[in-house]
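Heads up, the thing below is written out as structure tokens.
Taken together, the values in this text are just the output of simple stated rules run on the coordinates, not laboratory data. In this text, all values refer to a predicted model and were calculated from it rather than measured experimentally. Note: ideal-geometry Cβ built from the backbone for every residue, glycine included; neighbour counts use all protein chains shown.
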Amino acid sequence: DAKTTQPNSMESNEEEPVHLPCNHSTISGTDYIHWYRQLPSQGPEYVIHGLTSNVNNRMASLAIAEDRKSSTLILHRATLRDAAVYYCILLSNDMRFGAGTRLTVKP
Amino acid sequence: DAGVIQSPRHEVTEMGQEVTLRCKPISGHDYLFWYRQTMMRGLELLIYFNNNVPIDDSGMPEDRFSAKMPNASFSTLKIQPSEPRDSAVYFCASSLVLAGSQETQYFGPGTRLLVL
């Protein structure tokens, strides 16, 4: 199964950009890269996804390396409400979450 | 749409009792997933269905766990008999399609289970 590697935790200051990295060296050509986040006491929620090109939406940006072996989720201005566990997942035939990165946002 | 609905939101039971968790997916979604989340093991996929048919149950921990989807709008996850180590938050999620790996999953609020 394709797997991802993320740092266990990261810290950011409020109003500053945050770059959350993800390594997926065994990615296949058809795997989409999805990012989800889980706020405290809630279920995971979709953030963004992409295949090869960088993607932007109202929540975040996704930068995908040219060889697709890594990607970075970018929160342009972190807020306290962005404190959550962020999961990077490769979708193939199912959906299996890793440990994710716990993002702490300091005021 | 109200999103994925799970019930109960909280369940406290005693070891040996049967526990039934319920899920109503988003209308029109063809895929339904059951996950379990604990501090030790994180978020684990237990089983998923496509058009009410179980596709992959390799994540179901043991025979005490069973899941059914009698129709497109309802699924159950049953634990019988329950044990303290089953204490966890159980999430249900649904998605429109899986082929092409583009579709996102929508998660319910979860059922927090405590087995004493």
_the stretch A:59-99: C-alpha gyration tensor shape, a/c 1.5 cut-off, then a/b vs b/c_ = oblate
*Search the structure for amide H atoms under 5 Å from the amide H of A:M10, placed 1.01 Å from N in the peptide plane, and list their residues when 5 or more places away or on another chain.*
A:R102, A:L103, A:T104
*Tell me the trypsin sites (Lys or Arg not before Pro) within the stretch A:38-107 that lie in a loop according to DSSP and have at most 15 other beta-carbon atoms within 10 Å.*
A:R58, A:K69, A:R77
*Scan chain B and report its longest stretch carrying no GluC sites (Glu not before Pro) that are both in a DSSP loop and have at most 16 other Cβ atoms within 10 Å.*
B:63-116
*Which residues in the stretch A:8-27 have a backbone N closer than 16 Å to a point placed 7 Å from the Cα of A:K69 along the Cα-to-Cβ line?*
A:22-27
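Taking only C-alpha pairs under 8 Å that are 6+ residues apart, what is the relative contact order of the stretch B:44-83 in percent? Numbers along the way, then the final one.
Values: 51 pairs, mean separation 12.2, N = 40.
Computed over the stretch B:44-83, the figure is 31 percent.
Per residue of A:68-74, what is the mean number of Cβ atoms on other protein chains within 10 angstrom of that residue's Cβ? Walk me through the numbers before you get to the answer.
Working: counts 0, 0, 0, 0, 0, 0, 0.
Mean shielding by partner chains, rounded to a whole number: 0.
Would you work out the charge dipole size for the protein assembly as shown about its Cα centre, treating the Cβ of every Lys and Arg as +1 and the Cβ of every Asp and Glu as -1, and quote it to the nearest 20 debye? Don't skip to the answer; put the middle values down first.
Values: 20 positive and 24 negative charges, 62 e Å.
The dipole magnitude comes to about 300 debye.
Enter the mean number of other protein chain beta carbons within 10 Å of the beta carbon of each residue in B:28-40, as an integer. Mind dumping the intermediate values first?
Numbers: counts 0, 0, 0, 2, 0, 2, 0, 5, 0, 4, 0, 0, 0.
Per-residue shielding by partner chains comes out at 1.
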_Let me confirm one metric for peptide B:41-48, namely the mean number of other chain beta-carbon atoms within 10 Å of its residues' beta-carbons._
4
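Place a +1 charge on the Cβ of each Lys and Arg in the stretch A:12-107 and a -1 charge on the Cβ of each Asp and Glu, then give the dipole magnitude about the Cα centre in debye, rounded to the nearest 20. Write down the numbers at each step before the final one.
Numbers: 9 positive and 9 negative charges, 29 e Å.
The dipole of the stretch A:12-107 has a size of about 140 debye.
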*asked:* Suppose R0 equals 22 Å. What FRET efficiency, 1/(1 + (r/R0)^6) with r the Cβ-Cβ distance, do A:Q42 and B:S27 give to the nearest 0.05?
replied: 0.55
